[in-house]
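For reference, the structure discussed in these notes is given below.
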Amino acid sequence: MAQVLRPLREQFKPKDFPGLLVGLGEPDDAAVYRINESTAIIQTMDFFPPVVDDAYAFGAITAANAMSDVYAMGGEVLLALNIAAWRDDLPLELLTEIFHGGADKVAEAGAAIAGGHTITDHEPKYGLSVTGVVHPERIITKGGARVGDVLVLTKPLGAGLITTAGKNQVAAEAHLQKAIAWMSTLNRGAAQAMQQVGVRGATDITGYGLLGHAYEMADASHAALRFHADALPILDGALEYARKKQIPGGAGRNRLFLEDKVKFTRTLDDDLAEILFDPQTSGGLLIAVAESKCDELARTLKSRGVEFWNIGNVVNGQGIIVS
């Protein structure tokens, strides 16, 4: 992807667009453009094929996932546009249910669906183009982590393993419904807590898995992120499906990319290792918070009903360390 984007970076140079605070120059979870001294626009989009069979749940999960990029940067969502691809031989009622799920989740965010675009395609897909806002001096970025920060995660891991097991019809219904509930949960409360406390470094955990997105954060912050494997929150059933080899295709690509970027200080059980590379859909926020503000963040997250786990810290070095 970096090779593909290189010509665009040459064409759209940061010095020519002073209002573009976050863009191709320093890739992050979303683009940010300053409108005035107190307002910057956050712009992002995301779409993908169904990860669950339930049309309404798929719409809700996809909307939560698309809006998560705004929340990862500390913003609030203003509006969204639907993006959909649909097969001619599928009932339109299913697409209506997908839109319904997405609309309910956008409404929960205090935002509006303001239109969209659909095309005909052999594989159904759905997503959102999302517009949010943030104060230009309070943008939270991948490069905001500092040595000594504590790493906090706001959703458990393993959704990719569970949804893969669901597609193969070997997932227990209770496991699948729990995963759907987590994937449908907005990261809005976590974003508001970060802003209240004054966090400056975060990202959301999606397709590159915990370690893939953590590496992006480490690289942008010129530091190393160290994780304590035994502290990781894991969805019920995920380790079981790892043992049963219900491995998403993206997990292998994540492993290949990270093979020279991750240092393991101890041997991990193979099933636990799968959790680290598991591609997530609408995962939690990975937050780097100063140790002096860790207790305040914990209180603020709790006050907003956000679950969280301390899973590591930021240290000198580069890349990822798993102990």
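The values are calculated or read from the model by the stated rules, or taken from the named source; none is laboratory data. As the structure is a computational prediction, the values presented were derived from the model and not from experiment. Counting neighbours? That spans all protein chains shown, and the Cβs are built from the backbone with ideal geometry, glycine included. The protein model used for the area step is the full one, side chains on, heavy atoms only, and it has no ligands, DNA or RNA in it. Shrake-Rupley method; radii C 1.70, N 1.55, O 1.52, S 1.80 Å.
Could you grab me the full set of residues in the range 8-31 that are farther than 24 Å from ASN65 by Cα, open to solvent by 60 Å² or more (accessible area, probe 1.4 Å) and of a type outside the set (Phe, Trp, Tyr)?
LEU8, ARG9, GLU10, GLN11, LYS13, PRO14, LYS15, ASP16, PRO18, listed by residue number.
Quick check on LEU286: is it among the hydrophobic types (A, V, I, L, M, F, W, C) and in a helix (DSSP H, G or I)?
Answer is no for this residue.
Check the range 216-223 and report whether any residue there is surrounded by 24 or more Cβ atoms within 10 Å (Cβ to Cβ), small (Gly, Ala, Ser) and in contact with a helix residue (DSSP H, G or I) (Cβ under 6 Å, 6 or more places away or on another chain).
Within the range 216-223, none of the residues are surrounded by 24 or more Cβ atoms within 10 Å (Cβ to Cβ), small (Gly, Ala, Ser) and in contact with a helix residue (DSSP H, G or I) (Cβ under 6 Å, 6 or more places away or on another chain).
For ILE247, only one of the following conditions fails: (1) part of a strand (DSSP E or B); (2) of a type outside the set (Phe, Trp, Tyr); (3) open to solvent by 20 Å² or more (accessible area, probe 1.4 Å); (4) within 13 Å of GLY209 (Cα to Cα). What is its number?
(1)
Of the conditions (1) open to solvent by 70 Å² or more (accessible area, probe 1.4 Å); (2) touching a strand residue (DSSP E or B) at 6+ places or on another chain (Cβ under 7 Å), LYS302 satisfies every one except a single condition; which number is it?
If we test LYS302 against (1) open to solvent by 70 Å² or more (accessible area, probe 1.4 Å); (2) touching a strand residue (DSSP E or B) at 6+ places or on another chain (Cβ under 7 Å), just (2) comes out false.
Quickly run through the range 95-109 and pick out the residues that are without any contact (Cβ under 8 Å) to a residue 60 or more places away in the chain, among the aliphatic types (A, V, I, L, M) and surrounded by 18 or more Cβ atoms within 10 Å (Cβ to Cβ).
Across the range 95-109, the qualifying residues are LEU95, ILE98, VAL106.
Which residues, taken from the range 253-281, are free of Cβ contacts under 8 Å to residues at least 24 places away in the same chain and either assigned to a helix (DSSP H, G or I) or surrounded by 16 or more Cβ atoms within 10 Å (Cβ to Cβ) (or both)?
Once the filter is applied, which keeps residues that are free of Cβ contacts under 8 Å to residues at least 24 places away in the same chain and either assigned to a helix (DSSP H, G or I) or surrounded by 16 or more Cβ atoms within 10 Å (Cβ to Cβ) (or both), the range 253-281 yields ARG253, ARG255, LEU256, ALA273.
Filter the range 110-148 down to residues that are charged (D, E, K, R), surrounded by 15 or more Cβ atoms within 10 Å (Cβ to Cβ) and within 30 Å of ILE247 (Cβ to Cβ) and give me whichever is nearest to the chain's Cα centre (by Cα).
LYS142
Please give the number of the condition ALA242 fails out of (1) crowded, with 16+ Cβ neighbours inside 10 Å; (2) closer than 25 Å to MET45 by Cβ.
It is condition (2) that ALA242 fails.
Give me the residue from the range 149-201 that is outside any helix (DSSP H, G or I), in contact with a helix residue (DSSP H, G or I) (Cβ under 6 Å, 6 or more places away or on another chain) and not polar (S, T, N, Q) and, out of that set, most open to solvent (accessible area, probe 1.4 Å).
Applying the filter and picking the extreme gives ARG200.
Given the criteria buried (at least 16 other Cβ atoms within 10 Å of the Cβ) and closer than 17 Å to LYS142 by Cβ, does ASP54 qualify?
No.
Among (1) among the polar types (S, T, N, Q); (2) in contact with a Pro (Cβ under 7 Å, 6 or more places away or on another chain); (3) farther than 12 Å from GLN280 by Cβ, there is one condition ASN254 misses while meeting the rest; what is its number?
Just one mismatch for ASN254, condition (3).
Name, by its number, the condition in (1) among the hydrophobic types (A, V, I, L, M, F, W, C); (2) within 12 Å of TYR126 (Cα to Cα); (3) assigned to a helix (DSSP H, G or I) that does not hold for LEU81.
Result: LEU81 passes all but (3).
Quick grid of which residues meet (1) within 18 Å of the chain's Cα centre (by Cα); (2) within 22 Å of ALA181 (Cβ to Cβ):
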{"position": "ALA273", "(1), (2)": "no, no"}
{"position": "PHE277", "(1), (2)": "yes, no"}
{"position": "SER292", "(1), (2)": "no, no"}
{"position": "SER303", "(1), (2)": "no, yes"}
{"position": "ASN316", "(1), (2)": "no, no"}
{"position": "ILE321", "(1), (2)": "no, no"}
